[in-house]
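*Asks:* Quick one: the structure is below, questions incoming.
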Amino acid sequence: MPEHPIRLAVIIGSVPGSSTGPVIARWFVGEARQRDDIRIDVVDLTTGPPLSMARPTWPPKMSALETISPSLAAADAFVIVTPEYNRSFPAVLKNAIDWHFTEWHAKPVGFVSYGGRSGGLRAVEQLRMVFGELHAVPIRDVVSFHGRCFDEHGRPHDREGCDAAAKGMLDQLSWWARALRDARAARPYQT
């Protein structure tokens, strides 16, 4: 195992009660766990204290965030697992993003998307703008699922292609995570 593996927070950004998001996230986490250069922390927005769709208060109530904020702060990189709803991403994910700020700074963000004909890519395009505003670095390559892509055992129908897509995105994410972690250590990031 490398001396300093990157800490990756995989954020399941589906609505509470979703069945598809957790299946895709389990597959992706399984792919990431095969690597010895990554340590994974799963942040599941489909369970636990709800991040209300009501207008956020500032500062947010700690009971809703106490399980996710430390994971985001400690992460060197993020992967967002998101569906596409109405050409965008879910409100629960938007609230989780908006209730944090410095946790995202100078860290790479990868995306695993699903839903509809676009495979969630319209949600990813909006997330790229949001994370750019938060001084994060969106990764170019995306893992995207169109239609029903998983079998009853939680495996992609095109396992070889999906595994290759996940590996490519994780390679990019790992490179950026190391480069940005080293840069933050040498010179703290300023906004």
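The values are calculated or read from the model by the stated rules, or taken from the named source; none is laboratory data. The structure presented is a predicted model; accordingly, all values stated were derived computationally and were not measured. Note: ideal-geometry Cβ built from the backbone for every residue, glycine included; neighbour counts use all protein chains shown.
*Asks:* Just to be sure I understand the filter: pairs with C-beta atoms under 8 Å, separated by 6 or more residues or on different chains, first member in the range 90-102 and more than 19 Å from Pro70 (Cβ to Cβ), second member in a helix (DSSP H, G or I) and modelled with pLDDT of 90 or more. Which pairs pass?
*Replies:* Listed pairs, sorted by first residue: Lys94/Val130.
This table checks each residue for (1) of a type in the set (D, E, K, R); (2) buried (at least 18 other Cβ atoms within 10 Å of the Cβ).
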position	(1), (2)
Lys94	yes, yes
Phe111	no, yes
Pro138	no, yes
Asp182	yes, no
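*Asks:* Looking only at the range 20-41, filter to residues that are β-branched (Val, Ile, Thr) and modelled with pLDDT of 95 or more; which one of those is surrounded by the most Cβ atoms within 10 Å (Cβ to Cβ)? If you could, list the steps in order and put the result at the bottom.
*Replies:* Going through the range 20-41, the residues β-branched (Val, Ile, Thr) turn out to be 20, 23-24, 29, 38, 40.
Filter again for modelled with pLDDT of 95 or more, leaving 29, 38, 40.
Details: Val29: 18, Ile38: 20, Ile40: 18.
Taking the candidates together, the pick is Ile38.
*Asks:* Quick test for you: out of Arg187, Arg148, pick the one residue that is closer than 21 Å to Ser113 by Cβ and surrounded by fewer than 11 Cβ atoms within 10 Å (Cβ to Cβ).
*Replies:* On inspection, the qualifying residue turns out to be Arg148.
*Asks:* Which residue pairs have Cβ atoms under 8 Å apart, sit 6 or more places apart or on different chains, and have a first residue in the range 13-27 that is at positive phi and a second that is modelled with pLDDT under 90 and of a type in the set (Val, Ile, Thr)?
*Replies:* Qualifying pairs under 8 Å: Gly17/Thr46.
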